[in-house]
Amino acid sequence: MDDHRQDHRDDHAHPDHGHDHAGLGHRQEHSHAHGHGGHGHDGHGHGGHGHVHAPKNFGPAFAIGIALNLGFVGVEALYGWLSNSMALVADAGHNLSDVLGLVAAWIAAVLVKRAPSARFTYGLRGSSILAALFNAVVLLVATGGIIVEAVQRFLEPAPVAGTTVMTVAGIGILINGFTAWLFASGAGGDINIRGAYLHMVADAAVSAGVVLAGLVILATGFDWLDPLVSLVIAALIIVATWGLLRDSVAMSLAAVPPGIDPEAVRACLAARPGVRGLHDLHIWPMSTTEPALTAHLVVAGEANHGLFLKETADELRQRFGIGHATLQIEVEGETACTLPRGCVA
């Protein structure tokens, strides 16, 4: 036990909060080195700051969006009841589901900032992935409701409600369009924010369709345009939502995050000075904005492991945005990997 502790003391280096951890178990049998971006703890070396893509604070956007949309739900329900328009009442229910989607996304955005614990060692970062998946499913279910209603109106045509419905829908365009704008800057890099953004864009599109169809119908008397426009909008929502669903499902299954080429990462690690072999490479999302990596690197025995870990972590962070990298060093000719060969990637 004393020799093991001495190995820890002798082999730690701390450049930029990083350290080389050699001598796990017995020095002669197994030598590991771990490089991590971010914080340091026993058994892992951290080079640089791990939270490369710190999520932007969208708290005010969520608060404003939820407040505006809750108010709009109340207005829609009230005028739907006063004008005897079931379409408005139904759309109020649809908008209420979008408010729930915003609430889920906001809760996740707060939870990802929770500190890690003994049980949740990555904190609750994965909640942002679950929220994105939830929003994708809710969007598709709501779109299914639009399709069912449109088909029913094809089978049983009904006169389209007049100016009141179009006025309320116009207000909906403004509210949902403004809320979507609040989230637009984060929609490209965070699928949790993209889910909230798509909810608002979809609602704005539906409201625009109601206004457009209403104007054309008032001019032509073609009531069938109303359900037709609804079906077109529903198709556009499905196309826009499919990417969100695909990415959130993949992330929940620990797939390589979108935008990271695993072969390019493998080539980068294999090209590092002193690397003789590479295996057990895994890249997965800790959250919708923070990718993580683990890999086993077979290196030459004379390598400076501390400097090697820091420089490798820096390159992964700069080239691929991977700020949380765990690198296990296996010294060529001295260290045998303990992983079953069937598990090595």
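Would you confirm whether any residue within the stretch 147-163 is without any contact (Cβ under 8 Å) to a residue 40 or more places away in the chain, more than 30 Å from VAL216 (Cβ to Cβ), out of contact with any strand residue (DSSP E or B) (no Cβ under 8 Å at 6 or more places or on another chain) and β-branched (Val, Ile, Thr)? There is no residue in the stretch 147-163 that is without any contact (Cβ under 8 Å) to a residue 40 or more places away in the chain, more than 30 Å from VAL216 (Cβ to Cβ), out of contact with any strand residue (DSSP E or B) (no Cβ under 8 Å at 6 or more places or on another chain) and β-branched (Val, Ile, Thr). Looking across the stretch 171-213 at every residue that is farther than 20 Å from LEU100 by Cβ, part of a loop (DSSP other than H, G, I, E, B) and in contact (Cβ under 8 Å) with a residue 40 or more places away in the chain, the one that is least open to solvent (accessible area, probe 1.4 Å) is identified as GLY189. Could you say whether any residue in the stretch 231-242 is surrounded by fewer than 20 Cβ atoms within 10 Å (Cβ to Cβ), within 22 Å of GLY65 (Cα to Cα) and within 31 Å of the chain's Cα centre (by Cα)? Yes, there is a match, as at least one residue in the stretch 231-242 is surrounded by fewer than 20 Cβ atoms within 10 Å (Cβ to Cβ), within 22 Å of GLY65 (Cα to Cα) and within 31 Å of the chain's Cα centre (by Cα).
If only one of VAL216, VAL249 is in a helix (DSSP H, G or I), open to solvent by 30 Å² or more (accessible area, probe 1.4 Å), in contact (Cβ under 8 Å) with a residue 40 or more places away in the chain and under 30 Å from ASP98 (Cα atoms), which one is it?
Working: VAL216 fails: in contact (Cβ under 8 Å) with a residue 40 or more places away in the chain.
Testing whether each residue is in a helix (DSSP H, G or I), open to solvent by 30 Å² or more (accessible area, probe 1.4 Å), in contact (Cβ under 8 Å) with a residue 40 or more places away in the chain and under 30 Å from ASP98 (Cα atoms) leaves just VAL249.
Residue-level check: of (1) more than 23 Å from the chain's Cα centre (by Cα); (2) free of Cβ contacts under 8 Å to residues at least 24 places away in the same chain, VAL168 misses just (2). Within the option set LEU70, LEU96, being modelled with pLDDT of 90 or more, assigned to a helix (DSSP H, G or I) and surrounded by fewer than 19 Cβ atoms within 10 Å (Cβ to Cβ) holds for one residue only, LEU70. Note on the stretch 298-319: among residues that are part of a loop (DSSP other than H, G, I, E, B) and either of a type in the set (A, V, I, L, M) or closer than 25 Å to TRP284 by Cβ (or both), the one that is most open to solvent (accessible area, probe 1.4 Å) is ALA303. Any chance the stretch 139-160 includes a residue that's part of a loop (DSSP other than H, G, I, E, B), touching a helix residue (DSSP H, G or I) at 6+ places or on another chain (Cβ under 8 Å) and not polar (S, T, N, Q)? Within the stretch 139-160, one or more residues are part of a loop (DSSP other than H, G, I, E, B), touching a helix residue (DSSP H, G or I) at 6+ places or on another chain (Cβ under 8 Å) and not polar (S, T, N, Q).
Yes or no: the stretch 269-276 includes at least one residue that is in contact (Cβ under 8 Å) with a residue 40 or more places away in the chain, over 31 Å from the mean Cα position of the chain (by Cα) and surrounded by fewer than 22 Cβ atoms within 10 Å (Cβ to Cβ). For the stretch 269-276, residues in contact (Cβ under 8 Å) with a residue 40 or more places away in the chain, over 31 Å from the mean Cα position of the chain (by Cα) and surrounded by fewer than 22 Cβ atoms within 10 Å (Cβ to Cβ): present.
The values are calculated or read from the model by the stated rules, or taken from the named source; none is laboratory data. None of these values were measured; they are calculated from a predicted model. Counting neighbours? That spans all protein chains shown, and the Cβs are built from the backbone with ideal geometry, glycine included. These area figures cover heavy atoms from the full protein model, side chains too; ligands, DNA and RNA do not enter into them. Shrake-Rupley method; radii C 1.70, N 1.55, O 1.52, S 1.80 Å.
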